[in-house]
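Worksheet: one structure, shown below.
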Amino acid sequence: MAWATRFLSAVCFFAAGVLFAPDVLLGARSGSGATAVTAAKVSHLLCFATSWGAALWATFIGGIIMFKNLPRHQFGNLQGKMFPAYFTLISACAAISVAAFAYLHPWKTASAVERYQLGFLISALGFNLSNLLVFTPMTIEMMKKRHKIERELSIGDEVGWSKNVKSAKSNPTLAAMNKKFGMIHGLSSLANIMSFGSLAMHSWYLASKLEL
């Protein structure tokens, strides 16, 4: 199924969902203000769910499975293509969530709890943007340099780190590159975890507002 077909199918299901939520239709009939509030709530919920779900999958499931099953250079090249798209997506979703939440809860009239929640969302956006604009480009550049050194040593086609660790013991250049890569990658991972944690904290607030 082509990307456009899948996207249109998702849009159709999303639109059809309105038919099974009569409160939304009644709110839309009551005035443009109610419509705007409903639209902001839907935008916030969908963007929060998308960013949190994407972070959960990429951080704790997809990345680990790929690392354990793909040759290391193939895994690195795939991550180099995937992570810019991943951080673009969750940054855009976080920005929409911030805007929607700020619209629903203006700072001047917001409660202390609502201000904290806005702070969590802004933190998530900040950490995502730091990864998108700073840490990810640096990590990819460092990875390419290390791949070049490893190809000269005829390593990198294996799964896991064993050959890299062994070669680094006798190759100071590779050892130094590993150290630099580890530092930048560590900062990127920390920012990603902090973003995930900020969204996780906001999830408790959303759960308290649901009536199931």
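Provide, for q = 0.13, 0.16, 0.24 Å⁻¹, the log10 of I(q)/I(0) from a solvent-free Debye sum over equal Cα point scatterers in region 157-201. Results for region 157-201 at q = 0.13, 0.16, 0.24 Å⁻¹ read -0.44, -0.58, -0.83. A viscosity of 0.692 mPa s and a temperature of 37 °C, combined with the Kirkwood radius over Cα pairs in Stokes-Einstein, give a translational diffusion coefficient for region 120-212 of 213 µm²/s.
The alpha-carbon positions of region 61-113 define a convex hull whose volume is 95 Å³ per residue.
Roughly speaking, what is the stretch gain from Leu56 to His185, that is 0.36 nm per residue apart minus the C-alpha to C-alpha distance, in nm to one decimal?
Stretched fully, the Leu56-His185 segment lengthens by 44.6 nm.
As an equivalent ellipsoid, region 72-184 spans semi-axes of 42, 13, 10 angstrom, where each value is the square root of five times an eigenvalue of the C-alpha gyration tensor, largest first. Name the lysines eligible as straight-distance cross-link partners of Lys180: C-alpha to C-alpha under 25 Å, and not fewer than 8 places from it in the same chain. Result set, ordered by chain and number: Lys68, Lys81, Lys144, Lys145, Lys148, Lys163, Lys166, Lys169. Ligands, DNA and RNA are left out, and with a 1.4 angstrom probe the accessible area of region 120-212 is 60 Å² per residue.
Assuming charge only on the beta carbon of Lys and Arg (+1) and of Asp and Glu (-1), the dipole of the chain about its Cα centre is about 680 debye to the nearest 20.
Each Cα pair under 8 Å and six or more residues apart adds its sequence gap; the mean of these over the residue count of the chain is a relative contact order of 25 percent. Measure nothing but the geometry: give the 0 to 90° angle between the long axis through the Cα atoms of 112-130 and the longest principal axis through the Cα atoms of the chain, rounded to 10°. Tilt of helix 112-130: around 40 degrees.
Only protein atoms count toward the accessible area here, which uses a 1.4 Å probe; on the chain, the carbon and sulfur part of that area reaches 71 percent. The angle between the Cα long axis of helix 32-57 and the longest principal axis of the Cα atoms of the chain comes to about 20 degrees, rounded to the nearest 10. Please name whichever of Trp52, Asn128, Leu118 sits farthest to the positive end of the charge dipole of the chain, dipole taken about the Cα centre and charges placed at Cβ: Lys and Arg +1, Asp and Glu -1. Working it through, the farthest residue towards the positive pole turns out to be Asn128.
Measuring nothing but alpha carbons in region 116-167 and taking Rh as the Kirkwood radius, the Rg to Rh ratio lands at 1.27.
Taken over the Cα atoms of the chain, the convex hull encloses 155 Å³ per residue.
The values are calculated or read from the model by the stated rules, or taken from the named source; none is laboratory data. A quick note: this is a predicted structure, and the numbers were derived from the prediction, not measured. All Cβ positions, glycine included, derive from the backbone under ideal geometry; neighbour counts span all protein chains shown. These area figures cover heavy atoms from the full protein model, side chains too; ligands, DNA and RNA do not enter into them. Shrake-Rupley method; radii C 1.70, N 1.55, O 1.52, S 1.80 Å.
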